[in-house]
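See structure below.
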Amino acid sequence: MIRAAKISEITDILTITKACAKKMANAGIYQWNEQYPSKIVFEKDIERKELFVFEKSSKIIGVIVISTFMDEEYKAIKWLSSQGKAIYIHRLAIHPDFQSQGYAQQLMNFAENYARENSFTSVRLDTFSENIKNQQFYNHRGYQKLEAIYFPRQSDSPFYCYELLV
């Protein structure tokens with residue numbers, strides 16, 4: 001079941017993202033760190049009603065942010081859909097114990113359906129340039145790779161922007 005996150009679930013959400021960060025670091029992918037994603041970031045996501053959780057057997061196993069807010073770093077990108085409304089995906093995470101079982105696909109299906117049902121023209125996101133698995137995941141879903149952006153507090157390496165027209 002996918003539903004809106006509650007403030008009381010922040011600890012569970014951080015447990016998931018920290019476990020994901022550790023798994024990525026063990027694979028040499030330094031996409032997330034001690035500063036990101038943070039409790040404050042998730043609190044803002046919940047306040048804006050943009051954070052959703054994937055619940056299985058009453059346990060939160062994954063998260064996704066579906067936002068209408070365009071980060072400053074995205075403003076210079078030449079998006080495929082220059083007109084219309086877009087949603088932005090952030091902080092997609094599935095606890096490592098549940099990865100490779102189709103749950104990330106279900107979260108993305110949820111986000112893409114949300115976009116269609118609410119008359120958005122596209123779904124936009126970024127993924128770390130060193131995370132080849134994520135790039136393959138989005139390519140397989142039909143997203144088009146666009147330009148690179150940088151988040152210096154996260155990494156010196158770029159993040160690639162992707163967009164799917166819906």
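Couple of notes before you dig in:
- Sequence-ordered 3J(HN,Hα) estimates for the range 125-134 from the Karplus curve with 6.51, -1.76 and 1.60 and θ = phi - 60° stand at 6, 9, 9, 5, 4, 8, 9, 4, 4, 5 Hz, glycine and proline given as x.
- Qualifying trypsin sites (Lys or Arg not before Pro) in the range 94-166, DSSP loop, other Cβ atoms within 10 Å at most 11: 153
- Selected from 57, 82, 38 as most flexible by GNM, with the chain as the system and alpha-carbon contacts under 10 Å: 57
- Residue-by-residue Karplus 3J(HN,Hα) for the range 11-25, coefficients 6.51, -1.76, 1.60, Hz, glycine and proline x: 4, 5, 5, 5, 4, 5, 5, 5, 5, 5, 4, 5, 4, 5, 4
- Our note on the geometry: Cα centres of the range 20-54 and the range 78-128, 15 Å apart.
- In a reduced charge model with +1 at each Lys and Arg Cβ and -1 at each Asp and Glu Cβ, the range 1-106 shows a dipole moment near 180 debye about its Cα centre.
- Of 18/44; 78/133; 44/75; 23/59; 22/85, those spanning more than 26 Å from alpha-carbon to alpha-carbon: 22/85
- For chymotrypsin sites (Phe, Trp or Tyr not before Pro), the sites in the range 75-166 that DSSP calls loop and that have at most 14 other Cβ atoms within 10 Å are 150.
- Taking label points 7 Å from Cα along the Cα-to-Cβ direction, residue 43 and residue 27 give a separation of 3.1 nm.
- Within the chain, DSSP assigns beta bridges of which about 85% are antiparallel (rounded to the nearest 5).
- The chain, helix-only ellipticity at 222 nm - DSSP H runs n ≥ 4, -39,500 (n - 2.57), divided by all residues, nearest 500: -9500 deg cm²/dmol
- Approximate spin-label separation residue 116-residue 139, in nm, with each point projected 7 Å along Cα-to-Cβ: 2.5 nm
- Look at (1) 109; (2) 190; (3) 97: the one that is volume of the Cα convex hull per residue in Å³ derived from this structure is (1).
- Across the range 40-108, the mean sequence separation of Cα contacts (distance under 8 Å, 6 or more residues apart), normalised by length, yields a relative contact order of 31 percent.
- Nonlocal amide H pairs with residue 56, under 5 Å, H built at 1.01 Å: 61
A short reminder: the numbers here are calculations on the coordinates, not readings from a lab. Treat the numbers as computed from the prediction; the structure is a model and nothing was measured. Note: ideal-geometry Cβ built from the backbone for every residue, glycine included; neighbour counts use all protein chains shown.
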